[in-house]
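Take a look at the structure set out below.
Bear in mind that the values in this text are calculations on the coordinates, not laboratory data. Keep in mind that what you see is a predicted model, and the values were worked out from it rather than measured. Glycine also receives a Cβ, built like all others from the backbone with ideal geometry; neighbour counts cover every protein chain displayed.
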Amino acid sequence: MATVIKDIEIQPNIPISVLFEKHANFIKEYGQKENSYEYGMTDYLRVSGMFWGLTALELMNTLPKQSKGEIAEYIKNCQDPESGGISACLQHDPHILHTLSAVQILCIYDNLNAIDLDGVVRYIASLQLSDGSFMGDKWGEVDTRFSFCAVATLALLNKLNAIDVNQAVEFVASCKNFDGGFGSRPLSESHAGLIYCCVGFLSITNRLDVVDRDTLAWWLCERQLPSGGLNGRPEKLPDVCYSWWVLSSLSILGRLHWIDAEALKKFILACQDTETGGFADRPGDVADPFHTLFGIAAMSLLGHESVQKVNPTFCMPQHVIDRLQLKPQMMID
Amino acid sequence: MSDCSSDENENDTILYRDRPEWKDVTPLKQDDGDEPVVAIDYTEAFEDCYDYFRAILKKKEISERALELTKTAAQLNSANYTVWQYRREILKGLGKDLNEELDYIQKVILKHSKNYQVWHHRRIIVEWLQDASKEKYLTETVLAKDAKNYHAWQHRQWVIRTFKLFDGELEYVDTLISDDVRNNSAWNQRYFVINNTTGFTDEVLDREIDYTLNHIKTVTENESAWNYLRGLLLHGKEGLSNNKKVTDFCEELYKSGNRSPFSLAVIVDMCFEQLNEGGGDSRYTPQRAKELCEELINKYDIIRANYWKHMIEMIDKTMKDENIESSN
Ligand SMILES: [Zn+2]
């Protein structure tokens, strides 16, 4: 039977280099118009949005419009004094996703003392359940993304001992599937984004022994399609954010070279918007800061000399991870 | 990144600032820092609704009008998790009929089926009600449009496991696989059901191997089915290379001229298993594995050439180690 592969076709006139200046402007302008519709529409993800934009700028060696103090002030106001957690924006409820993003931003600007750190630690610890898993907020949604957020936040604060790490590992290990991948919960389908969360989690907790290294790495490199792009699950379309999730996981597993780097670079370059700047999920779609960060970060892992080195576990500039003296586990041979 | 689509009450266009029942509330403008307000290009309804939303959220008002306002706020931006959290507090505070809430959230899910918040809201309401009778049907409706929707599968697995609704699930999975034999979510669900019910007994394994091989026969380039087959064989005693049904099938396929990379990959791994563990099947030699790797590198799976080069290295390394061992 003929094979029909779900994929896209790359047009011949794609940019051949990274349009740094355009991307920097794109990020700086994005969300600056506070009364724009987009701004109001995205307040529920503001702090994470700040992390995507600011990290992308830092990786491109560009300073943001706002000062370090302004950024810290904003985050400080998003911290809930009672629970200690950080919300997406003022008056929203705290959530673990934004708590991690806030801590990542403050680490990048070496400004952790701007917030109540004991509060953050207390908040993360309060979200762990008896099976080791983590809730995203007090409403109880559980998945492996939150396990990653919990240990990444605590590791950045050097406070991993505030939670039951062994039990947390047990939960993540229980989400490993027969194909070597990981899903959101036990026996949920393998998914590249969740694989990144689980592999990153195991790298932070120094427990990569849980992984079936080559089975997983093969599954990950099976994500590469003839267009060069990577998808997140079998029979799905390629997407720039998966370039990051698959590549960072392969980097941690020491198997980055198993994919065709040149073909992937071509796909990522094709996802740039030559007019507005920024990267879209796939060629021709609308660019956004989320895919822009992951496009730039993927280029860093692929060794682009004009992008700062990124740490595959934390998705933060390597010099920041070095300054914090963190050494997340990596497999090498 | 954000989704915004109109809802059934879209002709309900009276702005909150023009409604008499909201006269006592002072809308709270978005205030997020020092940047001067530049252009006003919010859509009016969005701004109007969220100004009032912020105002009543601040007072934590529990009232019918607040409940109604969260509906509009959710309609304007269903991914705003605070809206849903607040809505639940109001539902509880007013002691509302949760079955009505199920009907409402079903409509929202059918419009915004890739949104974490709406599914989570659904789950909490089902938990409060302890009634999961409508959940399978809801997820089937969503999966009929997008058979790989991760949220729908997650919800379905939760419901099935929590309320013990495994009956008929394997049949449902079978219809999905018949519709699209490459539906990885469906193959995963097959594993989920068996793992949670009969387990992989010899009998079940035998049945599942037949089932999978039959489906591979129709479409050989199918990563999901081949992975499922490998997953099954992890439960058997014979490993990958000693199950006669499977080895005969692969050899038959190869002889017919089929060069699906997934099938070649399995033969390579069979050879490698025999090299490591012995087994004495003369069809599975390291030489054959290396030849197949070369074919994959040069012809059938060029994009993953480095992976196949790695396999050749592993085979060479194992052979060398064994030579050293046998000469000692
Ligand atoms: Zn994406």
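Descriptive notes on the structure:
- Rounded to the nearest 500, the 222 nm mean residue ellipticity of chain A from helices alone is -13500 deg cm²/dmol, with -39,500 (n - 2.57) taken per DSSP H run of at least 4 residues.
- Each residue of segment A:308-314 is assigned a 3J(HN,Hα), and the resulting list reads 4, 5, 10, 8, x, 6, 9 Hz, derived from the Karplus form 6.51 cos²θ - 1.76 cosθ + 1.60 (θ = phi - 60°), x at Gly and Pro.
- Length, then width, then depth: along the principal axes, the Cα atoms of segment B:260-328 run 40, 22, 13 Å.
- The rule of thumb for compact globular proteins, 2.2 N^0.38 Å, goes into the C-alpha radius of gyration of chain B 1.44 times.
- Convex hull of Cα atoms in segment B:89-191, direction-averaged projection (nm²): 6.4
- From phi via Karplus (6.51, -1.76, 1.60), per-residue ³J(HN,Hα) for segment A:86-94 in Hz, x at Gly/Pro: 10, 9, 5, 7, 3, 6, 8, 7, x
- Cα gyration tensor of segment A:224-333 - equivalent ellipsoid semi-axes, whole Å, descending: 23, 17, 11
- Relative frequency of Cα-Cα separations exceeding 29 Å in segment A:1-159, percent: 30
- In segment B:148-238, the trypsin sites (Lys or Arg not before Pro) that fall in loop regions by DSSP, at most 16 other Cβ within 10 Å: B:K164, B:K237
- Whole-Å distance, taken between Cα centres, linking segment A:273-333 and segment B:38-89: 35
- Between segment B:166-192 and segment A:47-116, the C-alpha centres lie 43 angstrom from each other.
- Rounded to the nearest 20 debye, the dipole magnitude of segment B:238-328 is 340 debye, with +1 charges on Lys and Arg beta carbons, -1 on Asp and Glu beta carbons, and the Cα centre as origin.
- Near B:Q274, once Lys and Arg are set to +1 and Asp and Glu to -1 for all other residues with Cβ below 13 Å from its Cβ, the sum equals -4.
- Per-residue mean of foreign Cβ neighbours for B:144-152 is 2 (Cβ atoms of other chains, 10 Å radius).
- A Cβ-based charge dipole, computed about the Cα centre of chain A with Lys and Arg at +1 and Asp and Glu at -1, lands at about 460 debye.
- Amide H to amide H, with H built 1.01 Å from N, A:K309 comes under 5 Å of A:Q318, counting only residues 5 or more places away or on other chains.
- Taking a quarter of the surface of the Cα convex hull of the protein assembly as shown gives a mean projected area of 30.9 nm².
- Positive-end extreme of charge dipole, segment B:47-158 - chosen from B:Q85, B:Y116, B:I62 (charges on Cβ): B:Y116
- Segment B:118-140 residues near the modelled B:L110 label - backbone nitrogen below 12 Å, point 7 Å along Cα→Cβ: B:138-139
- When the charge dipole of chain A is built from unit charges on Cβ atoms (+1 for Lys and Arg, -1 for Asp and Glu) and taken about the Cα centre, the candidate among A:V103, A:G303, A:F267 whose Cα reaches farthest toward its positive end is A:G303.
- Distance violations [Cα-Cα > 26 Å] among A:K76/B:K23; B:K71/B:K114; A:K28/A:K159; A:K236/B:K245; A:K159/B:K59; B:K23/B:K71: A:K76/B:K23; A:K28/A:K159; A:K236/B:K245; A:K159/B:K59
- Paramagnetic reach from B:D24 (point 7 Å along Cα→Cβ, amide N under 20 Å) across segment B:88-107: B:90-91, B:93-95
- The alpha carbon centroids of segment B:136-154 and segment A:173-214 are separated by 24 Å.
- Remark: A:L19, B:L229 ranked as A:L19, B:L229, counting other beta-carbon atoms within 10 Å and listing the fewest first.
- Based on C-alpha pairs under 8 angstrom that are at least 6 apart in sequence, chain B has a relative contact order of 8 percent.
- For the protein assembly as shown, with +1 on Lys and Arg beta carbons and -1 on Asp and Glu, the positive-most of A:I8, A:L45, B:Y50 along the dipole: A:L45
- The mean count of C-beta atoms from other chains within 10 Å of the C-beta of residues in A:216-228, rounded to a whole number, is 2.
- Projected onto its three principal axes, the C-alpha set of segment A:94-161 covers 34, 21, 17 Å, listed from the longest axis down.
- In a reduced charge model with +1 at each Lys and Arg Cβ and -1 at each Asp and Glu Cβ, the protein assembly as shown shows a dipole moment near 660 debye about its Cα centre.
- Taken residue by residue and averaged, Cβ atoms of other chains lying within 10 Å of the Cβ of A:183-196 number 4.
- Principal axis extents of the Cα atoms in chain A, from largest to smallest and rounded to whole angstrom, are 58, 46, 34.
- Label separation (A:N111 vs B:E64): 4.8 nm, computed from points 7 Å beyond Cα along the C-beta direction.
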